[in-house]
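Here is the structure we will look at, set down as structure tokens.
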Amino acid sequence: MWRMLTRMPGAMILAVLLHVVLVLAIVFSELWQPESVKPSGGEAAQLPTPNIEAESVSSEAIERQAERMREQRENRERERTEAERAAEQAAATRRAEEARAQQLAEVRKEREREAAEQAERLEQLRKEQQEVEAEREQAQKEAEQARKEAAEAAQQREAEEKARQEAAEKARQAAEEKARKEAEEKARREAEEKARQEAEEQARQEAAEKARREAEEKARQEAEEKARQAAEEEARKEAEEKARREAEEKARQEAEEKAAREQAAREAREQALRDQMAAEQQARAESDALSKWAAAIQSKVRDNWQRPRGARPGWTCTVTVKQDADGRVRNVTVVGCDGDRLFERSVVQAIEAASPLPKPEIDSIFQEELRFNFKPE
Amino acid sequence: MTVLAFLHRSHRWLVSTALAGMLAFVTPAQAALEIDISGGTETGVPIAVVPFDQSGEVADLARIIGDDLARSGLFAPVARDVMPARPASPQQLRIGDWRAGKARYLVMGQVEADGDQLRTRFYLIDVSSGERLAGSQITANASADRSVAHRISDIIYEELTGERGAFSTRIAYVTERGSVDNRTYTLQIADSDGANPRTVLESPYPLMSPSWSPDGGQLAYVSFEGNRSAIWVQDLSTGERYQLTDYRGINGAPAWSPRGDKIAVTLSKGGNPDIYVIDLDTRRTVQWTRSGSIETEPTWFPDNRSLAFTSDRFGQPQVFRKAGPDERARRLTFDTSYAAGPRISPDGDRLALVVRDDRGFFVAEQSLDDGKRQLLSRGGGEERPSYAPNGAMVVYAAQSGSGSVLKISPAIGGEPQTLSYDRGKVRDPVWGPFND
């Protein structure tokens, strides 16, 4: 209703104005009544129930009064029709509103409590409206009653006057009430609007809050998920790292052990090689020294060999020589000699003349006994 | 000169490495270190013949001995001025003094005169070892002093070489002296060093080709006395002689057989000079060659059956061998356009001869084993050689200026020695046998 009013303020204002005019017309029509009619001593407050007094009424007045009543009826009818139309519009609007409100049901649910209160307040307003409607209907009934009474009995004028006054009073009161209600309605509408805006704002905020919370939740979950995954990843990596480290450590240890073994083996080999090389070196040194020694002996003996003329190419002479440690020749023994005696003698003499024989560079290779093969060519 | 030292692989060097810190001890090989010596210096063996302790008119024995040894080509006597000392006996010898010198052997000795006798002691010392190799005392007539020296030379030679020395032998040869109008030919016999020559025969007719009987008591030779050649045999001790051949034509080149029972000669009684062998007992003459060419200069092999001779049956003189009168002649010399004057060595292994090349005539020796030949003379105007009885030397005549001299070359090669001799021409030397 409130919404309807807010939607069609013009109609409402017109309706109100019509009511006001109607009331004023009624009042003024009463005023225009002769004072005489006014009971003496009678008080308006005393009446809800009109005291019908038998009085004589002129037909003319009745006609006028009837005319006025007819006009009033028509006005009421017109008002009613307009009200109904307005109600229909309001209903249509309401349906649309409800449909729209339906769309906001989700939001509305969120603020059910406020909505309930609002509904309560609206119910209250509707009751009041109904009461207004009831009163208006009562007024209509009374007016009908008055008209009937007027039609039936002029004596009831006073009562009617009284009723009229009361009705006017009532209308005035109703108008006041209505104004008050309109004010209230306005306040209510504003309150409602404010509440709606607040609700919307709240809903928006809540939605935002929800969205934010959801986003936060999502972010949190994502973060948690991420953290979980990160943790898992971390754990996995850690495990892998650990495994890797262990493997590395193991490999390192194995490598170290292997290296140590190899080192040991290598050292053993190298030692063996060194020994062998030392032995070979020794042997080589001795062999070299032996070669040198033999060459030195050979050279000296050859230089001292005065080979006789006539030695034939095929002649050979083999002798063994014993020497002492200083190389001095102690004994020369002819093992075999193909040549003549002079040749043989030359061989023996060559060795004797070469005495003392050269000594070896290395004492260890010294040999006491030597063997010589002499050949002319 | 190749020098090789063989380190025999059988040598084991036992190196004890277990004894760380100890000196590695090398056990010498069981087998001796073996060293080969080849090359060396081919030389006459240096020998110091120390002048003997002698006095008076006695010849310088040491000089004679040294010359003898030098002629053999095997020895190189050390000059006296480099000798460190003059020991004459082992008591005087300090062998250490000699070891620094070249001499490998030392000969020393002393001669004591005892009336007309000479008592000579000598010693042969091996300088290297200090060992006394030979030593003896020889007593001889004072006039035989040179013979004593040659005898010592023979002993030394035989001691050192193992071969008999031939220094106490003689050489026969022919001399030619005087002008064309008054020419005198002599047959001479001298010591092996040319000393003590004595005339066996003197003749106004040419004398040629002496030949010693194996016992050294006779000489066969060619004489042209009566202006025809004939072969004569002369006893050296008595001087008696007889004519062996008197054939028409050439009677030449007598060669006494080793056993002394035959003489091979060249006779041209058949028209051409051919080889004949005359049995001295039966005087039977056997013709050995019939080639129609010149066959001459026969010489015996030691087997007393084979002859070598010169033949120009192939156009040029070459040496052939024939094992009997009916045997086929086998050529011994090749690779030369002139090979003549053969003499067979006492051992039968070598052939001494004269070969000609573009420089002249040379004495050479050829191995009958492998045919290798080497020149023994140097001059280019040499004549037929003759072996010493030990085969170690050859003697031959060599042109010298307008005349000629006798030279001796070692058979092994080496510097020829010229025998001192007086002027004139000397030819056809032939070495006599050993004196026993």
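The values are calculated or read from the model by the stated rules, or taken from the named source; none is laboratory data. Keep in mind it's a predicted model, so treat the numbers as computed, not measured. No Cβ is skipped: glycine too gets one built from the backbone with ideal geometry, and neighbour counts run over all protein chains shown.
Any chance the stretch B:387-394 includes a residue that's assigned by TED's automatic domain parsing to the domain that holds B:Leu353, in contact with a Leu (Cβ under 7 Å, 6 or more places away or on another chain), at pLDDT 95 or above and not aromatic (Phe, Trp, Tyr)?
yes
Note down all Cβ pairs under 6 Å where the first residue falls in the stretch A:127-148 and is over 17 Å from A:Ala168 (Cβ atoms), the second is of a type outside the set (S, T, N, Q) and surrounded by 15 or more Cβ atoms within 10 Å (Cβ to Cβ), and they're at least six residues apart or on different chains.
Pairs found: A:Gln129/A:Met1.
Among the candidates A:Ala199, A:Ala211, A:Ala183, A:Ala154, which residue alone is closer than 22 Å to A:Ala134 by Cα and not charged (D, E, K, R)? Outline the logic, then answer.
Details: A:Ala199 fails: closer than 22 Å to A:Ala134 by Cα; A:Ala211 fails: closer than 22 Å to A:Ala134 by Cα; A:Ala154 fails: closer than 22 Å to A:Ala134 by Cα.
Of A:Ala199, A:Ala211, A:Ala183, A:Ala154, the one residue that is closer than 22 Å to A:Ala134 by Cα and not charged (D, E, K, R) is A:Ala183.
Can you go through A:Ala203, A:Ala199, A:Ala167, A:Ala154 and tell me which one is buried (at least 17 other Cβ atoms within 10 Å of the Cβ) and either among the β-branched types (Val, Ile, Thr) or closer than 18 Å to A:Ala25 by Cα (or both)?
Within the list A:Ala203, A:Ala199, A:Ala167, A:Ala154, the selection yields A:Ala167.
Could you please find all residues in the stretch B:144-181 being within 14 Å of chain A (Cβ to nearest Cβ) and either free of Cβ contacts under 8 Å to residues at least 40 places away in the same chain or buried (at least 22 other Cβ atoms within 10 Å of the Cβ) (or both)?
Residues of the stretch B:144-181 within 14 Å of chain A (Cβ to nearest Cβ): B:155-165.
Within the stretch B:144-181, B:Ile155, B:Ile156, B:Tyr157, B:Glu158, B:Glu159, B:Leu160, B:Thr161, B:Gly162, B:Gly165 meet the criteria.
Restricting attention to the stretch B:99-110, which residues are surrounded by 24 or more Cβ atoms within 10 Å (Cβ to Cβ) and more than 16 Å from A:Ala350 (Cβ to Cβ)?
Selection gives B:Leu106, B:Val107, B:Met108, B:Gly109.
Among the residues of the stretch B:112-128, write down those that are assigned to a loop (DSSP other than H, G, I, E, B), within 30 Å of the chain's Cα centre (by Cα) and not hydrophobic (A, V, I, L, M, F, W, C).
B:Ser128 - this is the single residue of the stretch B:112-128 that is assigned to a loop (DSSP other than H, G, I, E, B), within 30 Å of the chain's Cα centre (by Cα) and not hydrophobic (A, V, I, L, M, F, W, C).
Could you check A:Ala272 against (1) touching a residue at least 24 places away in the same chain (Cβ under 8 Å); (2) assigned to a helix (DSSP H, G or I) and say which number it fails?
Going through the list (1) touching a residue at least 24 places away in the same chain (Cβ under 8 Å); (2) assigned to a helix (DSSP H, G or I), A:Ala272 breaks only (1).
Considering only residues of the stretch A:322-339 that are in a strand (DSSP E or B) and among the aliphatic types (A, V, I, L, M), which is farthest from A:Ala353 (Cα to Cα)?
A:Val335
Would you check which residues across the stretch B:312-343 are acidic (Asp, Glu) and at pLDDT 95 or above and list them? Let's see the steps before the verdict.
Taking the stretch B:312-343 and keeping what is acidic (Asp, Glu), we get B:312, B:326-327, B:335.
If the condition is that a residue be acidic (Asp, Glu) and at pLDDT 95 or above, then no residue fits.
So, of the residues in the stretch A:293-308 that are out of contact with any Leu (no Cβ under 6 Å at 6 or more places or on another chain) and not hydrophobic (A, V, I, L, M, F, W, C), which turns out to be surrounded by the fewest Cβ atoms within 10 Å (Cβ to Cβ)?
Per the criteria, the residue is A:Asp303.
Do we have A:Glu79 as surrounded by fewer than 16 Cβ atoms within 10 Å (Cβ to Cβ) and either in the same structural domain as A:Glu182 (by TED's automatic domain parsing) or out of contact with any Cys (no Cβ under 6 Å at 6 or more places or on another chain) (or both) here? Explain how you work it out, then say what you get.
Working: surrounded by fewer than 16 Cβ atoms within 10 Å (Cβ to Cβ): no; either in the same structural domain as A:Glu182 (by TED's automatic domain parsing) or out of contact with any Cys (no Cβ under 6 Å at 6 or more places or on another chain) (or both): yes.
No; evaluated as a whole, the condition is false for this residue.
Name every residue in the stretch A:223-254 that is under 30 Å from A:Arg213 (Cα atoms) and among the basic types (Lys, Arg), in order of residue number.
Once the filter is applied, which keeps residues that are under 30 Å from A:Arg213 (Cα atoms) and among the basic types (Lys, Arg), the stretch A:223-254 yields A:Lys226, A:Arg228.
Failed condition for B:Pro258, given (1) buried (at least 20 other Cβ atoms within 10 Å of the Cβ); (2) at pLDDT 95 or above, with all others met?
Unmet condition: (1).
Can you tell me which of A:Leu342, A:Leu290 is at the interface with chain B (Cβ under 10 Å from one of its Cβ atoms), at pLDDT below 90, buried (at least 21 other Cβ atoms within 10 Å of the Cβ) and within 25 Å of B:Ile156 (Cα to Cα)? I'd like the intermediate steps shown before the answer.
Values: A:Leu290 fails: within 25 Å of B:Ile156 (Cα to Cα).
Sole residue among the options that is at the interface with chain B (Cβ under 10 Å from one of its Cβ atoms), at pLDDT below 90, buried (at least 21 other Cβ atoms within 10 Å of the Cβ) and within 25 Å of B:Ile156 (Cα to Cα): A:Leu342.
Evaluate the stretch A:314-322: report whether one residue or more is more than 10 Å from chain B (Cβ to nearest Cβ) and exposed (fewer than 13 other Cβ atoms within 10 Å of the Cβ).
Yes - at least one qualifying residue is present in the stretch A:314-322.
Looking at A:Arg189, A:Arg213, can you tell me which residue is more than 27 Å from A:Glu117 (Cα to Cα) and surrounded by 12 or more Cβ atoms within 10 Å (Cβ to Cβ)?
A:Arg213
Limited to the stretch A:352-369, what total is found for residues that are facing chain B (nearest Cβ under 8 Å), buried (at least 21 other Cβ atoms within 10 Å of the Cβ) and in contact with a helix residue (DSSP H, G or I) (Cβ under 7 Å, 6 or more places away or on another chain)?
1
Of the residues B:Thr296, B:Thr282, B:Thr266, B:Thr245, which is surrounded by fewer than 16 Cβ atoms within 10 Å (Cβ to Cβ) and of a type in the set (Ser, Thr, Tyr)?
Result: B:Thr282 is the single residue among B:Thr296, B:Thr282, B:Thr266, B:Thr245 that is surrounded by fewer than 16 Cβ atoms within 10 Å (Cβ to Cβ) and of a type in the set (Ser, Thr, Tyr).
Given the stretch B:331-436, what strands (runs of 3 or more DSSP E) lie entirely inside it while holding 1 or more residues that are in contact with a Lys or Arg (Cβ under 9 Å, 6 or more places away or on another chain) and surrounded by 24 or more Cβ atoms within 10 Å (Cβ to Cβ)?
Qualifying strands (runs of 3 or more DSSP E): B:339-344, B:350-357, B:360-367, B:393-400, B:403-410, B:425-431.
Taking the conditions exactly as written (modelled with pLDDT of 90 or more and either in a loop (DSSP other than H, G, I, E, B) or facing another protein chain (nearest Cβ under 8 Å) (or both)), does A:Gly310 satisfy them or not?
So A:Gly310 fails the test.
Yes/no per residue for (1) assigned by TED's automatic domain parsing to the domain that holds A:Glu79; (2) modelled with pLDDT under 80; (3) closer than 22 Å to A:Gln65 by Cβ; (4) out of contact with any helix residue (DSSP H, G or I) (no Cβ under 9 Å at 6 or more places or on another chain):
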{"residue": "A:Glu97", "(1), (2), (3), (4)": "yes, yes, no, no"}
{"residue": "A:Arg113", "(1), (2), (3), (4)": "yes, yes, no, yes"}
{"residue": "A:Ala134", "(1), (2), (3), (4)": "yes, no, no, yes"}
{"residue": "A:Ala143", "(1), (2), (3), (4)": "yes, yes, yes, no"}
{"residue": "A:Ala150", "(1), (2), (3), (4)": "yes, yes, yes, no"}
{"residue": "A:Glu200", "(1), (2), (3), (4)": "yes, no, no, no"}
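If you take the residues of the stretch B:129-163 that are assigned to a strand (DSSP E or B) and out of contact with any Asp or Glu (no Cβ under 9 Å at 6 or more places or on another chain), which of them is nearest to B:Lys102 (Cα to Cα)?
B:Gly135
Counting residues that are in contact with a strand residue (DSSP E or B) (Cβ under 9 Å, 6 or more places away or on another chain) and more than 14 Å from chain A (Cβ to nearest Cβ), which strands (runs of 3 or more DSSP E) fully inside the stretch B:38-108 reach at least 1?
In the stretch B:38-108, B:45-49 are the strands (runs of 3 or more DSSP E) which contain 1 or more residues that are in contact with a strand residue (DSSP E or B) (Cβ under 9 Å, 6 or more places away or on another chain) and more than 14 Å from chain A (Cβ to nearest Cβ).
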